[in-house]
Amino acid sequence: MKTLQEIVDRAKRIVFFGGAGVSTTSGIPDFRSADGLFSRTYAGLTPEMMLSASFFYLHPDRFFEFYRAYMLHPEAQPNAAHRKLFELERAGKLSGLVTQNIDGLHRKAGNRLVYELHGSVHENVCMDCAKTYDLAWLLATQGVPHCPRCGGIVKPSVVLYGEGLDPYVSTGACREISRCDALIVAGTSLTVEPAASFLTYFRGGSRELVVINREETPADSRATLVIRGDVAQVMGELRV
Ligand code: NAD
Ligand code: ZN
């Protein structure tokens, strides 16, 4: 903690790169922990299959059943990690917050410099007329949601397996990673591509790389500091 505090005190451009582990304390299960969604199958299908673009187009009814049951957590609130990242941004120390999460909790905590690589459950777009709908609207519908204006299917703005990332979001995220003087990687297994490979834009040298994760990650060997612990607890203890 002392080393992390020194790194944060010294840094002028911190970038945070997070994953599902940042939100487990808020009650949202991750994918690859022992109790995560990937620990079982759903009617014989893996979550990776259920959340693929091809499954969405072939079986929208079953996609939405899974999506509504496991991916939506409207009651979840930001935890100590989200709150500390907002403080860091407000203090002008955080120059970018890159997340693989789709839960919108960083924006809910107040952060604005957020790069949501995989989109957000809070935005839903009609595939025919492009009208957008919020999460409350989606929650009030059942089965496959249809646009009241034109009847088209309304698709969540989340990146499904097999889909590309928004190039504007990716470019911004990579730019911030390449410019930062300290990069904190937390709560991610770094197995989902292309997001994980964005860390190659981190330049090293005198710049600090910190990993905070319960389990080993592929970034550990490059890191200045590895903290094997709970993201919310560790971030919560930082002084801004
Ligand atoms: P992952 O499930 O592959 O890995 C999570 C990692 O975080 C694991 O290594 C685990 O040990 C660690 N972890 C879990 N809780 C932790 C905690 N409290 N403190 C420290 N470490 C903790 O998640 P990923 O790498 O983000 O990849 C999963 C993909 O699934 C992402 O693309 C993401 O979009 C999506 N997803 C998002 C959410 C969400 O929005 N909250 C939830 C589940 C999955
Ligand atoms: Zn429409």
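A simple spin-label model places the labels of R13 and H146 5.1 nm from each other, with each point 7 Å out along Cα-to-Cβ.
Taking 14 Å as the cut-off, the amide N atoms of segment 184-214 that come nearer than this to a point 7 Å along the Cα-to-beta-carbon line of S178 belong to 198-204. One decimal place: the segment R40-S197 gains 53.9 nm when fully extended, by the rule 0.36 nm per residue minus the C-alpha distance. Computed over the chain, relative contact order equals 25 percent, with contacts defined as Cα pairs under 8 Å that lie 6+ residues apart. One decimal place: the segment R68-Q233 gains 56.5 nm when fully extended, by the rule 0.36 nm per residue minus the C-alpha distance. Between R90 and D128, residue separation times 0.36 nm minus the direct Cα-Cα distance comes to 9.8 nm. Please list log₁₀ I(q)/I(0) at q = 0.09, 0.14, 0.17 Å⁻¹ for the chain, using the Debye equation with identical point scatterers on the alpha-carbon positions. Log-scaled intensity ratios, in q order: -0.39, -0.91, -1.27. With the largest listed first and rounded to whole Å, the semi-axes of the equivalent ellipsoid of segment 175-220 from the Cα gyration tensor are 18, 13, 8. Using a Gaussian network model of the chain in which every pair of alpha carbons under 10 angstrom is joined by a spring, one finds that among S221, S33, S120 the greatest mean-square fluctuation is at S221.
Only the coordinates and a few stated rules stand behind these numbers; no lab work does. What you are looking at is a predicted structure, and each value in this text was computed from that prediction instead of being measured. Note that we place each Cβ from the backbone using ideal geometry, even for glycine, and neighbour counts take in every protein chain shown.
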